[in-house]
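S.K.: Before anything else, here's the structure in question.
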Amino acid sequence: MISLLRNSQELKREGVYFMWMDASPGPLTPQSHSSGTSSRPSHSPGTSSRPSHSPRSAQNLGMAECSNCKFLAERIKTLEARISVLEGQLEMARHPENHTLELEAIVERMLDKCISDGEFQQAIGISIECRRLDKLKEAIISSDNVHATLAYCMIISHAFINRREYRSEVLLLLVKVYQDLASPDYLNICQRLMFLDLPEGVANILEKLLRSENKDDAMMAFQIAFDLIENEHQAFLLSVRDRLSSP
């Protein structure tokens, strides 16, 4: 097991210093003694001035130490996760016949730890990378702000998933999570459905909103229609129109 921390003496011997450690003493400069008259320090009979330590400087020092400790703790968590992945890869290289179950167990523990610690963005990244859509959905639903987490997943999906087939699977999962919310975001749902080339889903949402007795739903339907027109996907718009029932 790779050690994550070393004691402060080993770090100092290697020349590594943190802001929360005492500063290393600088090199001692030997005093030059000339053959002439030596000058001795003069001590005036007056009042001696002592260094003043203001409460503000002590408070700033304490805040700096606390900030560095938090940063170090987060770095340790990140290193622990990376070390777990490296250990799994090493074990896979040594015993390729048993790597599947062991690697799955490592990923499972890592994802559970991220979700339990509230590291939802990290859990989302690992879930997408490992193709664990079940854990991706669990991380989204468990987050404090589901709408913001879904928006983050949208950005990650378009930016980092290169294979169109897999990206479509992720977006379809996000659409289902959107639809299961108490107040679905129909605008985002229709945009994702257009990207997935599912005009029937958009037509069903427009029908539902237009037939609602709530005027806000009708306004939302018009907003969705305007956004779809701005995308200038003519073939998709015609497919949606053909699936709408006549008034």
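The values are calculated or read from the model by the stated rules, or taken from the named source; none is laboratory data. Everything numeric here is computed off the predicted structure, so don't read it as measured data. Counting neighbours? That spans all protein chains shown, and the Cβs are built from the backbone with ideal geometry, glycine included. Ligands, DNA and RNA are excluded from the accessible area calculation, which covers all protein heavy atoms including side chains. Shrake-Rupley method; radii C 1.70, N 1.55, O 1.52, S 1.80 Å.
S.K.: Return the sequence-ordered ³J(HN,Hα) values of segment 160-173 in whole Hz as given by the Karplus equation 6.51 cos²θ - 1.76 cosθ + 1.60 applied to θ = phi - 60°, using x for Gly and Pro.
M.R.: Running phi through 6.51 cos²θ - 1.76 cosθ + 1.60 with θ = phi - 60° gives 10, 9, 7, 6, 5, 4, 5, 4, 5, 4, 5, 5, 5, 5 Hz.
S.K.: Under a 1.4 Å probe, what is the accessible area of segment 208-247 per residue, stated in Å²?
M.R.: On the way: 3260 Å² over 40 residues.
Per residue, segment 208-247 has 82 Å² of solvent-accessible surface.
S.K.: Which of the trypsin sites (Lys or Arg not before Pro) across segment 147-247 are loop residues per DSSP, with 12 or fewer other Cβ within 10 Å? Intermediate results must be reported in sequence, preceding the final value.
M.R.: On the way: sites: ARG163, ARG164, ARG167, LYS176, ARG192, LYS208, ARG211, LYS215, ARG241, ARG243; in loops: ARG163, ARG211.
Answer in residue order: ARG163, ARG211.
S.K.: Calculate the spin-label point distance for GLU108 paired with LEU238, positioning each point 7 Å from the Cα along the beta-carbon direction, and give it in nanometres.
M.R.: 5.1
S.K.: Mind scanning LYS137/LYS215; LYS77/LYS135; LYS70/LYS137 and naming the pairs with a C-alpha gap bigger than 23 Å? Spell out each step's value before the answer.
M.R.: Details: LYS137/LYS215 32 Å; LYS77/LYS135 20 Å; LYS70/LYS137 29 Å.
Pairs exceeding the cut-off: LYS137/LYS215; LYS70/LYS137.
S.K.: Can you give the accessible area of MET194 in Å² (nearest 10), computed on protein heavy atoms with a 1.4 Å probe?
M.R.: 30
S.K.: At a 1.4 Å probe radius, carbon and sulfur cover how many percent of the accessible area of segment 65-222? Write out the running numbers ahead of the final one.
M.R.: Numbers: 5240 of 9650 Å².
Answer for segment 65-222 is 54 percent, counting heavy atoms of protein chains only.
S.K.: Per residue of segment 197-209, what does 6.51 cos²θ - 1.76 cosθ + 1.60 with θ = phi - 60° give for ³J(HN,Hα)? Whole Hz please, x for Gly and Pro, Karplus curve as stated.
M.R.: Calculated HN-Hα couplings, in order: 6, 10, x, 4, x, 5, 4, 5, 5, 4, 4, 4, 6 Hz.
S.K.: Among residues other than GLN223 whose Cβ falls under 14 Å from its Cβ, what is the net charge (Lys/Arg +1, Asp/Glu -1)? Walk me through the numbers before you get to the answer.
M.R.: Values: positive: LYS215; negative: ASP185, ASP216, ASP217, ASP227, GLU230.
Charge balance in the 14 Å sphere: -4.
S.K.: For a quick check: with amide H placed at 1.01 Å from N, whose amide H comes under 5 Å from ASP185's, ignoring anything fewer than 5 positions away on the same chain?
M.R.: Answer set, sorted by chain and number: none.
S.K.: Could you compute how much accessible surface PHE222 exposes when probed at 1.4 Å, giving the result in Å² to the nearest 10?
M.R.: Counting only protein heavy atoms, the figure is 110 Å².
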